[in-house]
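Asks: Encoded as structure tokens, here's the structure I'll be asking about.
The values are calculated or read from the model by the stated rules, or taken from the named source; none is laboratory data. Keep in mind it's a predicted model, so treat the numbers as computed, not measured. A quick note on method: Cβ atoms are made from the backbone with ideal geometry, for glycine too, and the neighbour counts reach across all protein chains shown. Just the protein is used for accessible areas: all its heavy atoms, side chains included, with ligands, DNA and RNA removed. Shrake-Rupley method; radii C 1.70, N 1.55, O 1.52, S 1.80 Å.
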Amino acid sequence: MAKAKASTVFFCQNCGYESSKWMGQCPGCKEWNTLVEEIAAKPSKGGGFSVSPGRRGSVAPTPLPEVALREEDRLSTGIGELDRVLGGGIVKGSLTLVGGDPGIGKSTLLLQVCHMLSGRGHEVLYISGEESPAQIRMRADRIGEFTRQMLLLCETNLEEISEVIRSRRPEAVVIDSIQTMFNDNVSSAPGSVSQVRESTAVLLQLAKGLGVSVFIVGHVTKEGTVAGPRVLEHMVDTVLYFEGDRHASYRILRGVKNRFGSTNEIGVFEMREQGLAEVLNASEYMLNGRPVDASGSVVTCTMEGTRPLLVEIQALVCHSNFGIPRRQATGTDFNRVNLLMAVLEKRSGMQLASCDAYVNITGGIKILEPAIDLGIVIAVLSSYRNAALSPRLTAFGEVGLSGEVRAVSMAKQRVAEAGRLGFDACVLPYVCAEECRGIKGIEIIGVRNVREVIERLF
């Protein structure tokens, strides 16, 4: 008798939509060419976890005003920048996803968290599916000396991992990485959409049912998102992304989703031989090595969550030797730079259509906030006229299509940060100037449009 062929289904890698046949466009998220064929998962015999213990059928809804409020128990990681992004520390029973490019420092950061927690007497379990125990020990020796509270397990079978977690009941668990784990109830290969989704569901049940804080390392795709179904980010409590050039020394940890805190916080780290070190004064760190008396350079202030961050914008404008000028933007939106150059040409009469233009946010940081528009405009003007600006001048503001300089949020905090670092002049929107005049030691230059910028600075 012929063996029955295993049934297959098609999953969307972006949103997890399931279909019995292949389609070019996903009906769920409208993305193209995201459906992949996989063997249908066997139905799981186990049930989910229960927040309220009791017999099946005995649960009842509770009126919202009668729900008791309690402060979440948080466990400090010992790393201030990470605690800030998490909202104050690790919440008991939380599931956190950490994503980032290869070699960016995800495993190093989590190993440092294990070092801090185990050093304070908390039992931590580090589970690796990619490295051998000897490899992890070599990396751990660079970080420091670990205690016996740090447990190591190199395993990819989720059933074995679940038994260890249930028997040991550690306070924190690190899974490195979710793409290497496999569940026996799912017949597809590790790293597939079904395996990643079902493995995360098992870890979610363990975290909520046992009160264990779980950290998951997730690989990213070439677009910079976590590999696997998009539903993975919806299942976890917190999503953290590591950003920055892995060839540069600094890293930025950004909270994309956080059920226990704000997503408006970032942590800045510097990669050193002993691991990741906190950067407490990020603005000063970003401005190291600025050129002196060079045209096309200006300092602007952006808000990373609630933290003002001063960065340098550089522009190089020169006449093109070809019929079509070349434009390039690094660290900001390329189309936004083209738009601002069109505004300059239309509203100020500058002939930029025949010029090559290169705009760079130094340090490899990526900024999409409109508040850096004025900084880009001033840097382009400075390079085009070959006129160097004062090294203690900073500027921020959004530029509209009619050339007007529009207000931005948290202007007072931006000016205060510039004054703290020794800047003595700040160009900002005129509507924000009045609230910032009370800050001592810094001159406030309010401008209404790009013409006033040219008159005041050039």
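Asks: Can you give me the ranges of the strands (runs of 3 or more DSSP E) entirely in the range 259-377 with at least 2 residues that are under 30 Å from THR77 (Cβ atoms)?
Replies: Filter on the range 259-377 gives 266-272, 275-278, 297-304, 307-319.
Asks: Among the listed residues VAL173, VAL196, identify the single one that is more than 29 Å from SER19 (Cβ to Cβ) and within 22 Å of the chain's Cα centre (by Cα). Can you show your working first?
Replies: On the way: VAL196 fails: more than 29 Å from SER19 (Cβ to Cβ).
The match here is VAL173.
Asks: Can you pull out the residues in the range 406-458 that are open to solvent by 50 Å² or more (accessible area, probe 1.4 Å) and in a strand (DSSP E or B)?
Replies: If the condition is that a residue be open to solvent by 50 Å² or more (accessible area, probe 1.4 Å) and in a strand (DSSP E or B), then ARG406, GLU443 are the ones that fit.
Asks: Select from the range 118-132 the residues that are out of contact with any Leu (no Cβ under 6 Å at 6 or more places or on another chain) and either assigned to a strand (DSSP E or B) or more than 18 Å from GLY275 (Cα to Cα) (or both) and list them in ascending order. Talk me through it step by step, then tell me what you get.
Replies: Let us first name the residues in the range 118-132 that are out of contact with any Leu (no Cβ under 6 Å at 6 or more places or on another chain), namely 118-123, 128-132.
Residues satisfying the conditions are ARG120, GLY121, HIS122, GLU123, SER128, GLY129, GLU130, SER132.
Asks: Would you mention how many residues in the range 284-326 are modelled with pLDDT under 85, polar (S, T, N, Q) and either crowded, with 17+ Cβ neighbours inside 10 Å or more than 25 Å from LYS106 (Cα to Cα) (or both)?
Replies: Summing the residues that are modelled with pLDDT under 85, polar (S, T, N, Q) and either crowded, with 17+ Cβ neighbours inside 10 Å or more than 25 Å from LYS106 (Cα to Cα) (or both) in the range 284-326 gives 2.
Asks: Looking only at the range 264-278, count how many residues are open to solvent by 60 Å² or more (accessible area, probe 1.4 Å) and free of Cβ contacts under 8 Å to residues at least 60 places away in the same chain.
Replies: So the answer is 2.
Asks: What are the pairs, 6+ residues apart or on separate chains, where a residue within the range 281-301 that is at positive phi has its Cβ under 6 Å from a residue that is crowded, with 20+ Cβ neighbours inside 10 Å?
Replies: Taking only residues 6 or more apart or on different chains, the pairs are GLY296/GLN314; GLY296/ALA315; GLY296/ALA379; GLY296/SER382; GLY296/SER383.
Asks: Which of the following residues is touching a Gly at 6+ places or on another chain (Cβ under 6 Å), among the hydrophobic types (A, V, I, L, M, F, W, C), at pLDDT below 95 and open to solvent by less than 20 Å² (accessible area, probe 1.4 Å): VAL186, VAL220, VAL196? Lay out the reasoning, then the answer.
Replies: Working: VAL186 fails: touching a Gly at 6+ places or on another chain (Cβ under 6 Å); VAL220 fails: open to solvent by less than 20 Å² (accessible area, probe 1.4 Å).
One residue alone meets the criteria, VAL196.
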